[in-house]
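What follows is calculated from the coordinates using simple rules that are stated; it is not laboratory data. Source: prediction; values computed, not measured. Every residue, glycine as well, gets a Cβ built from its backbone with ideal geometry; the counts of neighbours run over all protein chains shown.
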Amino acid sequence: MIYRKLRPDETDLLRDFVYEAIFVPEGAAPPPRDIIFRPELAVYYEHFGTGPADVCIVAEADGCVIGAAWARIMVDYGHVDDHTPSIAIALRREYRGQGTGTQLLSRLLMEISRMGYRQASLSVQKANAAVHLYERAGFRTVREDEAEQIMVCSFS
C-alpha cells in the first residue's frame, strides 16, 4: 500500500469518494449516485485544492486509488468554526476493515497539524462503526443529536 498526497489532476476522484463516504445502514438501499451533486455534498469536492486547508491523502494499491482522507475549511455537516478543517474519509468497500482507514486518518491529521491548525472536526452517524476509529484517533464528541455526532480532535 502506498500513501501519498492527492495530485491536482486527481481531484475528480473526490466525487467517487464522497459517494463511498455516505453511511448506508445494514439492509438499507444505497442512495442514487447523483446525490453527490447536491450542494451539501458538492462542498466536499468543488474547487478542491484552492483553499488554504485543502489537503488530501490517498491510499493506492496496484496503481489504483482505493481510499482517501481529506480536509478543508467548509460549512459542512462537521463544521465547528471557520478556523477548523472538516475531514472526510472513504475507502472502497472491499478495502475496509484492514487498517487502511486508520493509516489514512493518522497521516491526514499529522498533515493538518503540520499546516498549523489546532484541531480538525467531522460528523459521523452514531450507527457507523467508524465512530470507534475516530475515538481511537483522539476525536471527542462536542455536539450530537439522536442520529449523528460532531467530533473534534485537538492537536497538542
The stretch 1-67 - convex hull of alpha carbons, volume per residue in Å³: 115
Chain lengthening between GLN98 and SER156 when straightened (0.36 nm per residue, less Cα-Cα): 18.1 nm
Contour minus Cα-Cα distance for ASP12 and ARG140 (0.36 nm per residue): 43.0 nm
Compactness of the chain, expressed as Rg and Dmax over alpha-carbon positions, Å: 14.4, 42
Rg over Rh, two decimals, the stretch 79-147 (C-alpha only, Kirkwood Rh): 0.96
Pair ASP62, ALA28: separation of 7 Å Cα→Cβ label points (nm): 3.1
